[in-house]
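Worksheet: one structure, shown below.
The values are calculated or read from the model by the stated rules, or taken from the named source; none is laboratory data. What you see is a predicted model, and the numbers here were worked out from it, not measured in a lab. Here the Cβ positions follow ideal geometry from the backbone for every residue, glycine too, while neighbour counts run over all protein chains shown.
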Amino acid sequence: MDSRQLEVFAAVAREGSFTRAAERLHLVQSAVSATIAALESDLGERLFDRTTRHVRPTAAGHALLPHADRIRDAFQAARDAVEAVSGGLSGSIRIGYMTNVTLFDIPDLLGRFSREHPDVTMHLTPAATGTAGLAEGLRRGDLDLAFLSATPADYPALRIDVLASSPLGLTVPAGHPLAGRDHIRLAETAALRFVCYREGFATRTLFDAEFRRHGLHRDVRFETSDTNDFAALVASGLGVGFLPEYLAGPDPRLHWIPVQDADLRMPVSIGTSPAHTLSAAAARLAALARSEAA
């Protein structure tokens, strides 16, 4: 049994799929299957129940998973200790991020980090299921760090540091009857047709809760997971939406209106999980992001 086998085992256990584990580890599926078979043979126990639709850990697999995580962390700590002698950094960082969010310049940050530490590989995972999915990835140990839209109060089990934020307001097309307004109340928006992010995305969660708090309901007709698409759908007249000022304010196709009784902001934050030990490379990147915000 070696650390690579345990890494593959943990990926299959968390993904519930040999295919998705192979994609995450950048391996072919046959290599993942062969690794698990060798590990099961070595331990003399079946680690997964396999059906045509599901792959689930057996009792032995559930027992092994926390030990696999600790062993992986111990190997990383040993590697970091050796590299510290020469002052270099290597290894890889698994990073979750929100696409097309420019409030904080993530590509610039990663570019500068890579120039300073060229031996570190960064694996980027876009937020297919929004901030909720990124937070779950941190909790499960699938991600080392994530750039997400959250505050410390949203996920108390994680370390969340806000890097930047922008006010959220009602955004309408430039020719909309409300385009002349300089403020609005939430109740005035309830009868409108909305474009919104999919469930799990932070802005969707925030405004769903705010409408419930005011005893209101809204009609969401169009859903998207892409910020640029969101703005384009509103500009095309398909509905109104709640967008951050930094994005909608400068766009001549849109008119941005502050909401008087819902003073909400969109944060861009960096998140890590105290339950999982960061490698030296991941810790250095997280520290660089926090110093940029400071």
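Condition check ((1) touching a strand residue (DSSP E or B) at 6+ places or on another chain (Cβ under 6 Å); (2) in the same structural domain as E245 (by TED's automatic domain parsing); (3) farther than 23 Å from L285 by Cβ) across all residues:
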position	(1), (2), (3)
S41	no, no, yes
A81	no, no, no
L109	no, yes, no
H123	yes, yes, no
Item to check | Test for V172: is it out of contact with any Gly (no Cβ under 7 Å at 6 or more places or on another chain), among the β-branched types (V, I, T), buried (at least 19 other Cβ atoms within 10 Å of the Cβ) and more than 19 Å from A293 (Cα to Cα) | outcome: yes
Next on the checklist: Which condition from (1) surrounded by fewer than 18 Cβ atoms within 10 Å (Cβ to Cβ); (2) in contact with a Ser or Thr (Cβ under 7 Å, 6 or more places away or on another chain) is the one that D263 breaks?
Outcome noted: (2)
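Yes/no matrix, rows are residues, columns are (1) surrounded by fewer than 19 Cβ atoms within 10 Å (Cβ to Cβ); (2) of a type in the set (K, R); (3) touching a helix residue (DSSP H, G or I) at 6+ places or on another chain (Cβ under 9 Å):
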residue: G111; (1), (2), (3): yes, no, no
residue: V120; (1), (2), (3): no, no, yes
residue: H123; (1), (2), (3): yes, no, yes
residue: R140; (1), (2), (3): yes, yes, yes
residue: L145; (1), (2), (3): no, no, yes
residue: A164; (1), (2), (3): yes, no, yes
residue: L178; (1), (2), (3): yes, no, yes
residue: A191; (1), (2), (3): yes, no, no
Next on the checklist: The conditions are (1) surrounded by 15 or more Cβ atoms within 10 Å (Cβ to Cβ); (2) in contact (Cβ under 8 Å) with a residue 24 or more places away in the chain; (3) not in a strand (DSSP E or B), and I95 fails exactly one of them. Which is it?
Outcome noted: (3)
Item to check | Listing of helices (runs of 4 or more DSSP H) fully contained in the stretch 104-199 that carry 3 or more residues being farther than 18 Å from I93 by Cβ, touching a residue at least 24 places away in the same chain (Cβ under 8 Å) and out of contact with any Asp or Glu (no Cβ under 6 Å at 6 or more places or on another chain) | outcome: 130-140
Checklist entry - Looking at A286, is it assigned to a helix (DSSP H, G or I) and among the small types (G, A, S)? => result yes
Next on the checklist: Could you check the stretch 262-283 and list, in sequence order, the residues that are polar (S, T, N, Q) and either part of a strand (DSSP E or B) or within 18 Å of E136 (Cα to Cα) (or both)?
Outcome noted: S269, T272, S273, T277
Item to check | Only one of E116, E136 that is surrounded by fewer than 19 Cβ atoms within 10 Å (Cβ to Cβ), assigned by TED's automatic domain parsing to the domain that holds L247, over 21 Å from A202 (Cβ atoms) and modelled with pLDDT of 90 or more | outcome: E116
Item to check | Residue pairs meeting the criteria (Cβ under 9 Å; at least 6 apart or on separate chains; first without any contact (Cβ under 8 Å) to a residue 40 or more places away in the chain, in the stretch 226-245; second in a loop (DSSP other than H, G, I, E, B) and surrounded by 17 or more Cβ atoms within 10 Å (Cβ to Cβ)) | outcome: L233/G239
